[in-house]
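**Q** My questions all concern the structure below.
The values are calculated or read from the model by the stated rules, or taken from the named source; none is laboratory data. On a predicted model such as this, the values are computed, not experimentally measured, just so you know. With ideal geometry, Cβ positions are generated from the backbone for all residues, glycine too; neighbour counts draw on all protein chains shown.
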């Protein structure tokens with residue numbers, strides 16, 4: 001069922017309820033008002049009859065006789081002891097209008113009774129009152145009546161009118177709701193058609209804002225923001241796949257060439273051994289690249305699981321320095337640790353060491369001319385700060401804003417050896433964000449580059465970051 005139909009049905013239902021409530025309230029108020037008028041008329045008639053009895057203007061016969069006012073169309077009776085009719089109008093008839101029980105009730109106070117007889121065209125509302133203290137008369141019961149014919153006709157006409165007008169009002173309201181809902185949903189339908197036309201081949205297309213400055217305008221802005229994020233994610237995914245394919249192509253080409261070279265029948269044992277060493281090196285490169293790509297993909301998907309605990313950072317960094325001392329020596333530099341005592345942070349041991357080792361490898365590979373690489377630990381404003389600094393040429397100014405992006409590399413002339421995959425710094429930054437911290441790289445005033453990682457003393461919300469790691 002469409003929203004438009006649901007809105008129209010809802011409007012029709014509300015209109016039905018309101019019409020029924022208003023019609024019922026109107027009918028009840030009208031009936032109460034007309035009954036109040038009838039009651040007032042009866043009380044005035046009873047007062048007049050009582051006054052006429054007191055002044056002797058009303059000819060009341062003896063208790064056992066009956067007197068009638070012929071030609072009088074009103075309903076008036078005066079009942080004596082035992083219910084004897086002492087006075088009656090022609091319309092009231094000669095038979096008592098009250099039963100014995102009703103007379104007894106009238107002796108205790110005014111009594112209202114609805115009565116219908118065969119010779120009456122409509123029912124009458126009767127008011128019975130007991131009158132005492134009239135000179136020469138026993139207690140008498142005055143009965144006056146008023147026809148309800150006008151009230152019944154009026155109420156019947158009102159109900160008939162409501163039965164006709166009510167459905168018309170409901171139908172008109174439902175039709176108006178249908179038209180208004182269609183008009184209100186027209187921008188939504190327009191946005192739906194525009195959203196259907198948007199595809200991966202039209203990344204720049206967006207929904208046209210209705211310009212109404214209401215919820216629909218906000219919806220269009222929110223949807224356009226979502227499209228921007230989706231197309232941005234799609235562009236990053238395409239770039240990631242293209243860059244990964246490019247990075248995999250080179251080692252795979254080398255592997256293919258070396259295998260072809262090793263399969264030649266005229267190869268000596270030393271040449272085959274050298275080819276196998278190249279194959280082993282390229283396979284390790286491929287394995288490392290595959291692990292890095294898998295790590296980045298897991299971080300993007302929010303599947304990067306961390307097991308952080310608050311612990312000192314100096315022992316973890318010391319282990320990493322020990323593991324890379326040979327590589328640093330081969331690169332012509334030494335590793336130096338400068339740590340403030342007692343600095344702690346909530347880290348996953350393995351992932352934190354991966355951050356430090358990636359920064360050390362980057363400093364070794366790109367800190368050309370640096371005799372030593374300094375790793376420092378300090379506490380700053382409640383954060384644990386780890387810095388890896390070299391004395392090399394530093395990072396080119398035009399490359400510095402992109403240094404932490406994936407698959408980006410500086411000038412190869414600034415590197416000691418073979419160029420890497422361009423993922424080391426981006427992985428370190430991603431792992432730092434996954435710990436609730438941040439990463440940055442800058443040049444030193446005196447020369448060289450400094451890679452900095454800030455880590456909180458505890459994980460946000462007491463645990464690892466949920467969802468994809470923010471870029």
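**Q** Counting only residues that are touching a helix residue (DSSP H, G or I) at 6+ places or on another chain (Cβ under 8 Å), over 14 Å from residue 320 (Cβ atoms) and buried (at least 20 other Cβ atoms within 10 Å of the Cβ), how many does region 346-369 have?
**A** Matching residues across region 346-369 total 1.
**Q** Any residue that is surrounded by 13 or more Cβ atoms within 10 Å (Cβ to Cβ), modelled with pLDDT of 70 or more and out of contact with any strand residue (DSSP E or B) (no Cβ under 7 Å at 6 or more places or on another chain) - is there at least one of those in region 60-78?
**A** No: region 60-78 contains no residue that is surrounded by 13 or more Cβ atoms within 10 Å (Cβ to Cβ), modelled with pLDDT of 70 or more and out of contact with any strand residue (DSSP E or B) (no Cβ under 7 Å at 6 or more places or on another chain).
**Q** Report whether or not residue 146 is surrounded by 13 or more Cβ atoms within 10 Å (Cβ to Cβ), over 30 Å from residue 233 (Cβ atoms) and not assigned by TED's automatic domain parsing to the domain that holds residue 91.
**A** Against the criterion (surrounded by 13 or more Cβ atoms within 10 Å (Cβ to Cβ), over 30 Å from residue 233 (Cβ atoms) and not assigned by TED's automatic domain parsing to the domain that holds residue 91), residue 146 does not qualify.
**Q** Go through region 370-389 and give me each residue that's within 23 Å of residue 330 (Cβ to Cβ) and buried (at least 21 other Cβ atoms within 10 Å of the Cβ).
**A** Answer for region 370-389, where residues must be within 23 Å of residue 330 (Cβ to Cβ) and buried (at least 21 other Cβ atoms within 10 Å of the Cβ): 370, 373, 375, 388, 389.
**Q** Going by what's in this entry, would residue 230 be described as in a helix (DSSP H, G or I), at pLDDT 70 or above, within 30 Å of residue 432 (Cα to Cα) and more than 34 Å from the chain's Cα centre (by Cα)?
**A** no
**Q** In region 158-177, what count of residues is obtained for those that are loosely packed, with under 15 Cβ neighbours inside 10 Å and either touching a helix residue (DSSP H, G or I) at 6+ places or on another chain (Cβ under 7 Å) or assigned by TED's automatic domain parsing to the domain that holds residue 28 (or both)? Show your work before the answer.
**A** Quick first cut of region 158-177, residues loosely packed, with under 15 Cβ neighbours inside 10 Å only: 159-161, 163-165, 167-168, 171-172, 175-176.
So of that shortlist, the ones also either touching a helix residue (DSSP H, G or I) at 6+ places or on another chain (Cβ under 7 Å) or assigned by TED's automatic domain parsing to the domain that holds residue 28 (or both) come out as 159.
Of the residues in that region, 1 qualify.
This table checks each residue for (1) surrounded by fewer than 20 Cβ atoms within 10 Å (Cβ to Cβ); (2) outside the structural domain of residue 35 (by TED's automatic domain parsing); (3) at pLDDT 90 or above.
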position: 80; (1), (2), (3): no, no, no
position: 87; (1), (2), (3): no, no, no
position: 90; (1), (2), (3): yes, no, no
position: 127; (1), (2), (3): no, no, yes
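**Q** Here's something else I'd like to know. If you check 11, 21, which single one turns out to be in the same structural domain as residue 127 (by TED's automatic domain parsing), loosely packed, with under 13 Cβ neighbours inside 10 Å and under 30 Å from residue 175 (Cα atoms)?
**A** 21
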